[in-house]
Structure formats: C-alpha cells, structure tokens
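This report concerns only the one structure given below.
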Amino acid sequence: MALNAKKIAVYVLVVFVLYLIITDPARAADYVQIGFEGISDAAKAIGDFMTWVAHGGE
C-alpha cells in the first residue's frame, strides 16, 4: 500500500512540475533559481562548519 502511495505522490509531483513549466516558464525558472541558491547556501554553510571544526572549533 505504501508503495502505491509513493508512486501516486511522485506522479502528482511530476504532473504539477510539467504544468508549472508549460503554463509559466518564467516563474518555473525563478523556482529553479531559488532552489539552486538554497543548495548553494547550504553547501557554503557546511563548508564553513567543516572549516570551523578543522580549526578546533574556535
């Protein structure tokens, strides 16, 4: 039962993304940019944390 729910959720998400891209490509591009900025910020924060740890947590 959980497998079917997961398949349905993925299908709904894919349909929503395709609908968004087709109906408003500019907004879809904005969402992608926001997503990549978030990933970039998270990677920078992890890098800063690892640098802090490597320096002995000072």
**Request:** With respect to Ala28, determine if the residue is open to solvent by less than 70 Å² (accessible area, probe 1.4 Å), assigned to a helix (DSSP H, G or I) and touching a helix residue (DSSP H, G or I) at 6+ places or on another chain (Cβ under 8 Å).
**Result:** yes
**Request:** State all residues of region 15-25 that are of a type outside the set (Ser, Thr, Tyr) and open to solvent by 100 Å² or more (accessible area, probe 1.4 Å); if no residue qualifies, say none.
**Result:** Phe16, Ile22
**Asked** Residues Ala9, Ala5: which one is loosely packed, with under 10 Cβ neighbours inside 10 Å and in a helix (DSSP H, G or I)?
**Response** Ala5
**Request:** Could you tell me whether Phe36 is more than 12 Å from the chain's Cα centre (by Cα), open to solvent by 70 Å² or more (accessible area, probe 1.4 Å) and without any contact (Cβ under 8 Å) to a residue 60 or more places away in the chain?
**Result:** no
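The values are calculated or read from the model by the stated rules, or taken from the named source; none is laboratory data. Source: prediction; values computed, not measured. Positions of Cβ are generated from backbone atoms using ideal geometry, with glycine treated the same way; all protein chains shown enter the neighbour counts. Just so you know, the surface numbers come from the protein's heavy atoms only, side chains and all, with ligands and any DNA or RNA stripped out. Shrake-Rupley method; radii C 1.70, N 1.55, O 1.52, S 1.80 Å.
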